[in-house]
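Inspection log for the structure reproduced underneath, given as structure tokens.
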Amino acid sequence: MIKYCKTCLLPSTKPYIKFDTSGICKACLFHKEKNQIKNSFINWRERKNEFVKLIEKIKKINAPNYDVCVPVSGGKDSISQVSHLLNKQLRILCINIDYGIKTEIGKKNLECISQMGANLLIYRPDLIIHKKIMKIALEKYGDPDLMSHCLLHALPIRIAIQKKIPLVLLGENAAYEYSGSKSYNEKEMSLKWFKHYASNSGITPKKFSRENKIPYRYLKAYDLPSDDELKKTQPVFCSYFFKWSSEKNLIIAKKFGFKPLKKNSEGTYRNYVGIDEKINRIHQYIKLLKFGYGRATDHACEDIRNKKISRTKGILLVKKYDRVKLSNYYINDFLKFIGITRKKFNRILSKYTNYKIWKKNDKKLIIRKNNFN
Ligand SMILES: [Zn+2]
């Protein structure tokens with residue numbers, strides 16, 4: 001049976017999760033440390049000063065094209081990342097990788113970026129190759145976004161190197177924020193980090209190329225360059241310098257015109273996450289089938305840690321929103337996009353359903369005994 005964190009609701013099935021001896025997950029322990037005012041291992045004022053100094057140093061380089069590059073989705077987090085760079089006489093290049101099916105609200109929110117004082121480059125990958133990769137990723141690894149995540153992380157860094165941009169401002173460091181793992185550089189992205197947190201389940205673009213006989217030169221854009229090449233720019237996490245908070249990012253993004261949905265997004269109770277693109281919902285739904293937890297769990301855990309809701313309330317939210325069935329709004333466009341039949345898609349869903357976690361009752365999937373203890 002799945003074990004859950006005693007403080008939040010993260011399950012033992014979450015990849016890379018670790019618990020301490022009293023059953024509390026590392027993400028909760030990291031959050032507690034991060035937010036302790038006394039004896040905190042992080043001095044946020046010092047970190048902010050470090051950021052100011054870094055920006056001054058970057059400006060002095062007087063790079064030929066832009067001073068800083070920011071990978072953006074048009075979501076609340078990316079708008080907040082850009083906001084930290086404004087009014088500093090910087091030439092900012094934001095890069096949006098548009099690899100899937102953008103929603104109308106997603107397109108509108110992306111427009112905020114160029115209105116706020118930054119340049120925006122939209123990159124659309126070769127969709128013949130990308131759809132082929134997505135199809136293999138879905139069928140063979142149960143995650144259509146497997147390589148897309150790599151592309152999102154690697155390509156802006158590659159472009160920064162090509163354009164001689166000395167700094168890349170990334171979002172949150174997932175190793176620290178969601179897994180509480182401290183065995184990575186907290187400030188900068190490294191190859192080691194990329195292998196674990198961009199390429200899920202350790203399937204790197206090189207491995208994907210080998211296992212599926214797609215020449216690596218087509219997958220190069222999906223992969224981080226060598227350590228030596230990486231030294232030509234500096235990819236830093238925003239969450240190192242500024243305390244990362246979804247709620248705070250939302251407030252900042254709204255000031256720049258970001259609009260949430262009128263109602264919650266499918267699979268969670270929040271109305272402002274995962275709204276710009278459709279394939280992520282498929283990725284999240286298969287995650288639910290594989291590991292027994294979905295987006296509402298992620299969000300409830302965050303809200304519990306921030307003491308916005310109680311653990312009991314979190315359980316109610318998870319029961320109500322996490323296990324909602326994947327709707328045709330997402331399925332139809334996705335199937336058309338990658339070109340597979342509904343029957344085949346259902347077979348894939350069934351293949352990736354962990355029947356130790358789920359059972360079938362009258363064709364409906366029901367989670368097995370789940371007491372959140
Ligand atoms: Zn926890």
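The values are calculated or read from the model by the stated rules, or taken from the named source; none is laboratory data. This is a predicted model, so every value here is computed, not measured. All Cβ positions, glycine included, derive from the backbone under ideal geometry; neighbour counts span all protein chains shown.
Observations, loosely collected:
- Where helices (runs of 4 or more DSSP H) fall wholly inside segment 174-277, the ranges with 1 or more residues that are within 29 Å of HIS31 (Cα to Cα) are 174-177, 238-241, 246-255.
- Filter result (among the aliphatic types (A, V, I, L, M) and surrounded by 23 or more Cβ atoms within 10 Å (Cβ to Cβ)) within segment 41-80: VAL68, VAL70, VAL72, ILE79
- Filtered by the rule that a residue be aromatic (Phe, Trp, Tyr) and closer than 20 Å to LEU9 by Cα, segment 328-373 gives TRP358, PHE372.
- Just one of (1) assigned by TED's automatic domain parsing to the domain that holds THR233; (2) touching a helix residue (DSSP H, G or I) at 6+ places or on another chain (Cβ under 6 Å) fails for THR7. It is (1).
- Scanning segment 21-44 for residues that are within 10 Å of the ligand (Cβ to nearest atom) and not basic (Lys, Arg) returns GLY23, ILE24, CYS25, ALA27, CYS28, LEU29, PHE30, HIS31.
- Qualifying residue in segment 45-54 (condition: closer than 27 Å to LEU151 by Cβ and within 16 Å of the ligand (Cβ to nearest atom)): no
- Given (1) within 16 Å of the ligand (Cβ to nearest atom); (2) modelled with pLDDT of 95 or more, number of the condition ASP77 does not satisfy: (1)
- Among (1) of a type in the set (A, V, I, L, M); (2) within 16 Å of the ligand (Cβ to nearest atom); (3) over 19 Å from GLU186 (Cβ atoms); (4) at pLDDT below 95 - the single one LEU9 does not satisfy: (4)
- Looking only at segment 134-144, and only at residues there that are surrounded by fewer than 23 Cβ atoms within 10 Å (Cβ to Cβ) and outside any helix (DSSP H, G or I), the one that is farthest from the chain's Cα centre (by Cα): GLY142
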